[in-house]
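Student: Pasting a structure below so you can have a look.
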Amino acid sequence: MNQSVFQKVGRNDPCTCGSGKKYKACCANSHVAVNTPIGSLLDINSLLQQAQQAIAQADFKSAEALFRQLHQAKPTDAYFLASLGQALCWQNLRKNGVGYLLQAAKLLERQVLKTRDPHLALELSAQLLHWGEVNAAERLARLVVSLAPNAPAALNNLVLCLTRVNRNVEALPFAKKVADLLPNNPGCQILLALIEDKTQQTESAFTRLEAVIAHNLNPEQTARAYLELGGLLDKLGRYDEAFIALTKASEAHSALLIQHPAQREYLFEVLEQNTLGFTQDLLQQWTRAEIVVDNLPTPAFLMGFLRSGTTLTEQVLGAHPQIITTDESTIVHELVQELEALTGIKQNTAVAVKALTLADIQGLREFYWRRMQEEYGPEVMCKQLVDKNALNTMDLGVISVIFPEAKIIFALRDPRDICLSCFMQAFSATPATVNLLSWSGIARQYAAVMGYWLAIRGLIQPTYLELRYEDTVTEFDSTYRKVFEFLGLPWHAGVEQFHVRAKGKYISTPSFAQVSQPVYKKSVARWKHYESEFSTVIKDLQAYIKEFGYES
């Protein structure tokens, strides 16, 4: 979602407070006294303009302060409440922010029936879905569809709510209606094709994707159609054709990249910098006994390369009653930002860590756990936390120094299956994923990340367990018993039903559909169908195939 999702209210639009009047006759000219210095008056319209300007400038802290004043002045204004929530979410204060978004949703569910204006409800539904609140998003989406049954945007939003939790059969008729209303919209046609594929209408999905490619109305959507066509051909066992389609998707996506070539080297430069900077002396400069004096819990971190099975393991571990898992938590990234702010050293975490004192480390530990409590509640302090994010591998040096008592679960998978799985995913072009848009780039990034792991794993103070994806799906019980033993927890039979818990739950990674199913083995050694294609990248992978025991 973009940062301007809550747009400025027009003077002739229905007022967002739910009065039923036009904005110009209601809140536009309001002056309301609030708990500011005695005698001062709050000009709502002026404050609203300032708040929207702050959002446009990405100054979300100022936007938060302004929307707090507006919300205090008019507590039943859903627009002010939702905007306050969104400003908090943009500051990574997700739990508090989503709380305000949910309050706004409850207000809107009552008010929109009076105003008959579904616009704010539609945008709030989209935001709630973005932040993982699927149930509230769906309620608003259905309300909007009841008011605008032939509006493609309203119908499409409901489709997204349903498909995000694998309710594809329910989504199908709405997706078909959107496609009928917008026959020339490639995005709507692709979404319908994906739903058709998941509801056993393979031939229709195939024809629809080919039609999008043939019309080529939007280069980005054409690239996406090639990608999805490649996945469909793979399922049909037409592997040569699948790889051709995936390659065309890769070439089309790469042609659309706007990143400067130097930005594409960012990840490799950071990994090389970390490999050189996080020496044994730095990683063991302070002992556990010196650092762990604060009675804080012992965190566990689940990481590895993308598409290595971290989401499956996170769902299994999260089904244990004594564990709290995070779904792609960004708090380690926030910790690094706090480290940079504390030391004044940016773009080189090893140098920043070297500048820390023991008191600084204690402060960073407290920061991490404060943020965890803010986002996951007080339970996180009395249960075993498993902080899952594959990209945390890059910050393993920071984690090791600040949490020498931590436990690292490092996910492994056959490098060839990882490369193939990445090649079949639609990654956005961020500094961490921009190289995953090409076959050679995936192999190069895999080698860089795993090379860093091999360089640092013998130097870190935290204990670690390497967890092979293949073992988790072929020897589920015995493998996860070892994981729970590593975490110091007893076996819990309920984890075998992890997929039941995952159904209907928002999961942020591309694996959300797979982990709502029982364990299956069809993704093991999938690369063999494409063995000849690895000749161009095997030089980057061979050392890791051997090191991690995947030669036979």
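Student: Give the calculated FRET efficiency between GLU379 and GLU466 to the nearest 0.05, with a Förster radius of 45 Å applied to their Cβ-Cβ distance.
Tutor: Between GLU379 and GLU466 the formula returns 0.95.
Student: Which of the residue pairs LYS106/LYS176; LYS482/LYS546; LYS235/LYS528; LYS176/LYS198; LYS235/LYS521; LYS74/LYS106 have a Cα-Cα distance greater than 19 Å in the structure shown?
Tutor: Check vs 19 Å cut-off fails for LYS106/LYS176; LYS482/LYS546.
Student: Now, a different point. Taking the mean number of other Cβ atoms within 10 Å as a proxy for protection, how do you rank 391-402, 245-256, 127-138 from highest to lowest?
Tutor: Listed from highest to lowest mean packing, they are 391-402, 127-138, 245-256.
Student: For the range 181-330, divide the Cα radius of gyration by the Kirkwood radius and give the resulting Rg/Rh value with two decimals. Please list the in-between numbers first.
Tutor: Working: Rg = 22.8 Å, Rh = 20.0 Å.
In the range 181-330, Rg relative to Rh is 1.14.
Student: Rounded to the nearest 10 Å², what accessible area does HIS529 have for a 1.4 Å probe in the complete protein model?
Tutor: Its heavy atoms expose roughly 90 Å² to the probe.
Student: Evaluate the relative contact order of the chain (contact order divided by residue number), counting alpha-carbon pairs under 8 angstrom at least 6 apart; express in whole percent.
Tutor: 12 percent.
Student: Something else: So, for the chain, what is the accessible surface per residue at a probe of 1.4 Å, expressed in square angstrom? Mind dumping the intermediate values first?
Tutor: Working: 24170 Å² over 552 residues.
So the chain comes to 44 Å² accessible per residue, rounded to a whole number.
Student: Where the convex hull is taken over the Cα atoms of the range 374-507, what is its projected area averaged over directions, in nm²?
Tutor: Result: a mean projected hull area of 10.1 nm².
Student: Still on this structure, I have one more. With runs of 4+ DSSP H residues as the only contributors, calculate the mean residue ellipticity of the chain at 222 nm using -39,500 (n - 2.57) per run, divided by the residue total and rounded to the nearest 500.
Tutor: Rounded to the nearest 500, it is -17500 deg cm²/dmol.
Student: Something else now. Using all alpha carbons of the range 80-141, what is the percent of pairwise distances in each 5 Å bin, ordered from the shortest bin to the longest?
Tutor: 4, 22, 34, 24, 11, 4, 1
Student: Let me ask something additional. Given a 1.4 angstrom probe, I'd like the percentage of the accessible area of the chain that is carbon and sulfur, rounded to a whole number.
Tutor: 51 percent
Student: Can you report the principal axis dimensions of the range 46-94 using only the alpha carbons, biggest first, rounded to whole angstrom?
Tutor: Taking max minus min along each principal axis of the Cα atoms, the range 46-94 gives 24, 24, 13 Å.
Student: Right, next: Against the globular-protein guess of 2.2 N^0.38 Å, express the Cα radius of gyration of the chain as a ratio, rounded to two decimals.
Tutor: Ratio of Rg to 2.2 N^0.38 Å for the chain: 1.04.
Student: With the cut-off at 25 Å, report for the range 55-180 the share of all Cα pairs above it, as a whole percent.
Tutor: In whole percent, the share of Cα-Cα pairs in the range 55-180 beyond 25 Å is 26.
Student: Check ILE324: other-chain or 5+ apart residues with amide H under 5 Å from its amide H, H built from backbone geometry?
Tutor: Hits under the 5 Å cutoff: GLN384, LEU385, VAL386.
Student: Rounded to two decimal places and with Rh computed the Kirkwood way over Cα pairs, what is Rg over Rh for the range 241-398?
Tutor: On the Cα set of the range 241-398, Rg over Rh gives 1.04.
Student: I would also like to ask the following. Take the Cα gyration tensor of the range 162-201, multiply each eigenvalue by 5, square-root it, and list the three semi-axes largest first, rounded to whole angstrom.
Tutor: Values: eigenvalues 55, 19, 14 Å².
Result for the range 162-201: semi-axes of 17, 10, 8 Å.
Student: So for the chain: antiparallel DSSP bridges make up what percent, rounded to the nearest 5?
Tutor: Among the beta bridges of the chain, antiparallel pairing accounts for roughly 15 percent.
Student: Now for a different question. Could you list log10 I(q)/I(0) for the range 283-365 at q = 0.11, 0.12, 0.16, 0.26 Å⁻¹, which the Debye formula gives when each Cα is one point scatterer?
Tutor: Reported log10 I(q)/I(0), two decimals: -0.42, -0.49, -0.82, -1.23.
Student: How large is the translational diffusion coefficient of the range 130-186 in µm² per second when you combine the Kirkwood radius over alpha carbon pairs with Stokes-Einstein at 10 °C and 1.306 mPa s?
Tutor: Working: Rh = 11.4 Å.
In µm²/s, the coefficient rounds to 140.
Student: Can I ask one more? For ILE408, which sequence-distant residues (separation of 5 or more, or a different chain) have an amide H within less than 5 Å of its own amide H, given hydrogens modelled in the peptide plane?
Tutor: Amide H neighbours of ILE408: PHE301, THR463, TYR464, LEU465.
Student: Over the range 358-437, what number does the Rg to Rh ratio reach, with both radii from the alpha-carbon atoms and Rh per Kirkwood? Provide the component values of the computation, followed by the final result.
Tutor: Values: Rg = 16.3 Å, Rh = 15.4 Å.
Taking Rh as the inverse mean 1/r over Cα pairs, Rg/Rh reads 1.06.
Student: Okay, next question. In 10 Å bins starting at zero, report the fraction of Cα pairs in the range 173-245 per bin as a rounded %.
Tutor: With a bin width of 10 Å, the distribution comes to 23, 55, 21, 2.
Student: Now, a different point. Order the peptides 76-89, 185-198, 230-243 from the highest to the lowest mean number of other Cβ atoms within 10 Å of their residues.
Tutor: Output ranking for 76-89, 185-198, 230-243: 76-89, 185-198, 230-243.
Student: Per Stokes-Einstein, at 25 °C and 0.890 mPa s, what whole-number D in µm² s⁻¹ belongs to the range 405-466, with the Kirkwood radius over Cα pairs as the hydrodynamic radius?
Tutor: The diffusion coefficient I find is 189 µm²/s.
The values are calculated or read from the model by the stated rules, or taken from the named source; none is laboratory data. Computed from a predicted structure; not experimentally measured. Here the Cβ is made from the backbone with ideal geometry for all residues, glycine too, and neighbour counts use every protein chain on show. Ligands, DNA and RNA are stripped out before the accessible areas are found, and what is left, the full protein with its side chains, is counted by its heavy atoms. Shrake-Rupley method; radii C 1.70, N 1.55, O 1.52, S 1.80 Å.
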